[in-house]
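Colleague: Here it is, the structure, as structure tokens.
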Amino acid sequence: MSDNDSEVERVPLIELRGVKKRFGAVQAVNGVDLDIHTGKVTALAGDNGAGKSSLIKTLSGLWEPDEGQILWEGKPVHLRSPKEAEALGITTIYQDLALCDNLDIVQNMFLGHEVVRHFTLDEGTMEARAKETLSELAVTTVRSIRQPVASLSGGQRQSVAVAKAVMSNAKLVIMDEPTAALGVSQTATVLALIKRLASRGVTVLVISHNLNDIFEVADRIAVLRLGRVVAAGPISTFNPEVIVDYMTTGRSERVSANPSIATAGVQN
Amino acid sequence: MDNPLTKTDQATAAPAPDTDHVDTHTDAAAVGLIAAALEVLANSLGEYVRAWVKRIRNGESGALPILAGLVLIIVIFQVQQSKFLSSGNIVNLLVQAAFFVLLGLGETFALILSEIDLSVGFIAGVGATITLALLSPSYGWPWWAAVIVGLVACAVIGAVQGILITRLHLPSFVVTLASLLGLGGVLIFLFDSFHGAVGGVISLPTSGPIYNLVNGNMSASASWIVLVVAVGLYAVVSIGRNTRRRARGLSAPPLSITVLTVVVAGVAGAALVIVCNVNRGNLVPLSGVPWVLPLVLLVVVVWNLLLTKTRTGRYMYAIGASPEAARRAGIRVQRIRTVAFTLSAFTAGLGGLVFASRLGSISVGYDGSTYVLYAVAAAVIGGASLFGGHGKAVHALLGGVLIAAVVNGLALIGVSTAGEQIATALVLLAAVTVDSLVRRRGSSTTVQ
């Protein structure tokens with residue numbers, strides 16, 4: 001719990017205060033309060049329709065919340081477009097990864113941010129920097145960074161997407177179900193990658209409903225249900241049964257027996 | 001595998017679990033797909049050739065089927081008619097090809113974006129008509145001004161199409177189809193309103209740069225100088241880049257491959273110059289490289305540089321493969337699309353000038369709707385994909401030459417227009433079938 005105490009003193013990287021988003025009759029996000037701490041891996045869990053996707057779309061600037069406030073490093077911000085979110089340092093990696101199959105790894109990593117010298121693309125510099133970033137992330141499995149992304153496995157593609165985010169100096173990387181389509185060994189690769197990302201001081205928000213992955217990689221967890229955060233806190237104060245209880249019913253009998261976990265659920 | 005990347009990475013990141021590596025070797029799909037990129041892993045000539053053979057077996061045939069097809073067509077026609085490979089006919093064939101190549105180049109921009117441009121045929125006609133009218137004695141403009149106005153008109157038509165497609169979200173097929181129909185009418189209107197048109201024909205004055213584009217020849221010494229300078233420049237740039245990349249530890253093809261490419265380019269260029277410098281006149285001596293050939297090659301080189309070395313080109317490929325990924329990367333997708341349609345129309349305009357120069361005139365009977373199909377055929381036969389994201393400037397060059405060989409050869413052995421069109425159709429189908437068969441075989445061996 002000492003770990004938790006030191007966190008409280010520091011200002012979270014991003015704080016959501018009463019964030020609401022409604023689509024017609026559907027209240028997709030219904031007053032979310034959530035702190036995401038610098039350099040930590042926070043998992044966002046919840047059943048289908050709990051509002052996970054709506055929440056990350058709010059954070060990545062795809063739409064503005066109807067109500068509530070977002071604080072970035074303690075200061076209120078408005079995320080009106082993906083560009084504004086990116087300018088702050090928020091990068092979102094969606095499930096489809098948004099890679100171009102016909103371009104190679106370097107070209108994908110620099111897409112939209114190419115290095116230009118003498119009016120032409122500076123392939124040498126881009127390749128060298130891509131190589132550096134990939135080796136920092138210990139992505140060693142690709143045979144050549146000049147091979148087209150179409151020839152990569154699912155885990156390798158995820159690695160390229162993460163490296164692309166690192167390349168853009170992201171402070172907060174949001175990953176939407178990064179392991180959903182992967183096999184066992186590739187999942188392990190991606191989870192290891194997420195940990196290395198956090199060890200570099202990058203804050204990670206992982207959306208997942210695979211509890212094994214969450215316990216493997218996350219420092220903190222927030223459980224969403226019906227557009228609200230029903231429980232949040234350090235992962236060490238939870239166990240899988242409790243999380244399932246929160247995801248399905250919004251409360252847990254098992255929790256009420258333990259006061260420290262109960263407060264964890266209420267504090268945010 | 002002496003790959004600098006894997007070497008350094010394994011040194012720095014030895015403790016990292018290398019689980020994915022195992023996967024790459026066991027996963028059949030991954031192994032098969034990686035073969036598509038084996039060339040980038042090769043470091044010696046032998047390795048490179050082996051990788052290349054493997055790549056062809058895996059369905060990434062590149063320019064090979066078209067080159068084989070071209071050889072086949074040449075052999076067939078040469079057997080039928082021994083004049084086919086005479087220097088006079090080769091020059092004639094290449095000049096004919098110039099028009100198809102330029103139209104096909106324009107079309108390639110649209111195809112890379114996974115769009116189609118059905119208007120290039122009539123855009124070429126409209127541009128050439130404007131230029132020729134302004135050059136005619138009734139207007140008497142200087143050649144450069146007439147050319148600029150004609151090409152700008154083409155580019156503007158292309159830009160308007162691009163804006164309609166991107167801003168109103170109309171399908172490019174419909175917008176350019178409307179252009180095809182509408183510009184056919186505009187062409188007739190231009191012939192009605194220009195004073196220079198006599199009996200539905202605007203003639204080109206038989207002197208001046210536009211006429212000499214096709215009908216003027218470089219002197220023998222000039223053509224050799226241009227060849228030596230061009231190949232020398234190519235050698236310096238490509239070998240220089242190769243050695244610089246090696247020095248920085250970046251991936252580069254084996255030096256022998258780069259040298260080989262330069263040698264092949266030099267030999268091909270020399271053969272072209274020699275063939276063109278043989279006397280091909282019947283009554284008066286006639287020899288030399290027609291100006292249009294180096295100009296078309298220049299356009300191919302410039303557009304190739306645009307596609308491979310600039311952001312605009314890179315974004316075109318990105319949009320062709322995944323517009324959504326491009327949009328999320330902050331690329332202004334609409335603007336790039338508009339640029340592509342503008343460049344397509346501009347290139348078609350250059351083709352129109354070549355067309356008019358070859359015939360010495362342009363007539364109201366100009367058949368833009370047939371020519372656009374030749375343009376699409378040239379790009380597709382050459383290897384550009386109709387599904388976007390793939391296609392190179394050189395594809396249009398190869399496809400254009402192949403179509404010209406068919407058209408020229410059939411005319412030479414006296415086949416009617418009916419036969420000519422049927423034969424061209426068969427060549428198109430054959431080219432796409434071979435491509436599709438090779439690809440399918442590739443995908444079936446990889447997926448298993």
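Bear in mind that the values in this text are calculations on the coordinates, not laboratory data. Because the structure is a prediction, the values reported are computed rather than measured. Note that each Cβ is placed from the backbone with ideal geometry, even for glycine, and that neighbours are counted across all protein chains shown.
Colleague: For residue A:116, what residues show an amide H to amide H distance below 5 Å, using hydrogens built from the backbone and excluding near sequence neighbours?
Modeller: Amide H neighbours of residue A:116: A:122.
Colleague: Separate question: For residue B:411 and residue B:304, what is the calculated FRET efficiency with R₀ set at 30 Å and r taken between the beta-carbons, to the nearest 0.05?
Modeller: So, using R0 = 30 Å, E works out to roughly 0.50.
Colleague: Measure nothing but the geometry: give the 0 to 90° angle between the long axis through the Cα atoms of B:64-80 and the longest principal axis through the Cα atoms of chain B, rounded to 10°.
Modeller: 40 degrees
Colleague: Mind giving me the nanometre distance, one decimal, between the label points for residue B:373 and residue B:168, set 7 Å out from Cα along Cα→Cβ?
Modeller: 2.7 nm
Colleague: May I pose another question? Evaluate E = 1/(1 + (r/R0)^6) for residue B:72 and residue B:436, where r is the Cβ-Cβ distance and R0 equals 22 Å; express this FRET efficiency to the nearest 0.05.
Modeller: With a Förster radius of 22 Å, E is 0.75.
Colleague: Still on this model: Reported to two decimal places, what Rg/Rh ratio describes the protein assembly as shown when computed on Cα atoms with Rh from the Kirkwood expression?
Modeller: That ratio equals 1.06.
Colleague: Non-local amide H neighbours of residue A:92 (under 5 Å, H modeled in plane, Pro and chain starts lacking H): which ones?
Modeller: When sequence neighbours closer than 5 places are left aside, the close amide H contacts are A:174.
Colleague: Could you list B:169, B:395, A:113, A:37 so that the one with the fewest beta carbons within 10 Å of its beta carbon is first and the one with the most is last?
Modeller: So the residues, fewest neighbours to most, are B:169, A:113, A:37, B:395.
Colleague: Kindly give the semi-axes, whole Å and largest first, of the ellipsoid equivalent to chain B, taking each as the square root of 5 times a Cα gyration tensor eigenvalue.
Modeller: 40, 27, 22
Colleague: Between B:177, B:386, B:168, find the one with the highest GNM mean-square fluctuation for chain B; connect C-alpha pairs within less than 10 Å.
Modeller: B:168
Colleague: Give me log10 I(q)/I(0) at q = 0.12, 0.13, 0.14, 0.15 Å⁻¹ for the stretch B:223-322, Debye formula, one equal scatterer per alpha-carbon, no solvent.
Modeller: For the stretch B:223-322 at q = 0.12, 0.13, 0.14, 0.15 Å⁻¹, log10 I(q)/I(0) is -0.57, -0.65, -0.73, -0.80.
Colleague: In square nanometres, what is the average projected area of the Cα convex hull of the stretch A:169-233?
Modeller: 4.9 nm²
Colleague: Could you pull out every residue, at least 5 positions away or on a different chain, whose amide H is within less than 5 Å of the one on residue A:73? Hs are placed 1.01 Å off N in the peptide plane, and Pro or chain starts have none.
Modeller: A:14, A:15
Colleague: A further question on this structure: Mind listing the phi-derived Karplus ³J(HN,Hα) values for the stretch A:31-37, rounded to whole Hz, using 6.51, -1.76 and 1.60 with θ = phi - 60°, and x for any glycine or proline?
Modeller: x, 8, 10, 7, 10, 10, 8
Colleague: Quick check: the angle from helix B:417-447's long axis to the longest principal axis of chain B, C-alpha only, nearest 10 degrees?
Modeller: Taking the Cα atoms of chain B, the angle to B:417-447 is about 10 degrees.
Colleague: Could you state the orientation-averaged shadow area of the convex hull built on the Cα atoms of the stretch B:164-243, in nm² to one decimal?
Modeller: 11.2 nm²
Colleague: Continuing with the same structure: Nearest 10 degrees, 0 to 90: what angle lies between the long axis of helix B:120-135 and the longest principal axis of chain B (Cα atoms)?
Modeller: Long axis of B:120-135 versus the principal axis of chain B: about 40 degrees.
Colleague: Obtain the nm distance between the two label points defined at residue B:284 and residue A:168 by a simple spin-label model: each point lies 7 Å from its Cα along the Cα-to-C-beta direction.
Modeller: 6.5 nm
Colleague: Let me ask something additional. Would you list A:78, A:209 from fewest to most Cβ contacts within 10 Å?
Modeller: A:78, A:209
Colleague: Give me the mean projected area, in nm² to one decimal, of the convex hull enclosing the Cα positions of the stretch A:96-169.
Modeller: Average projection, Cα convex hull of the stretch A:96-169: 4.7 nm².
Colleague: If you project the alpha carbons of the stretch B:282-408 onto the principal axes, what extent comes out on each, in Å, largest first?
Modeller: The Cα atoms of the stretch B:282-408 stretch 64, 31, 23 Å along their principal axes.
Colleague: Let me ask another. Given the DSSP H assignment, sum -39500 (n - 2.57) over each helix run of at least 4 residues in chain A and divide by its residue total; what's the result at 222 nm in deg cm²/dmol, nearest 500?
Modeller: Helix-only estimate at 222 nm: -11000 deg cm²/dmol.
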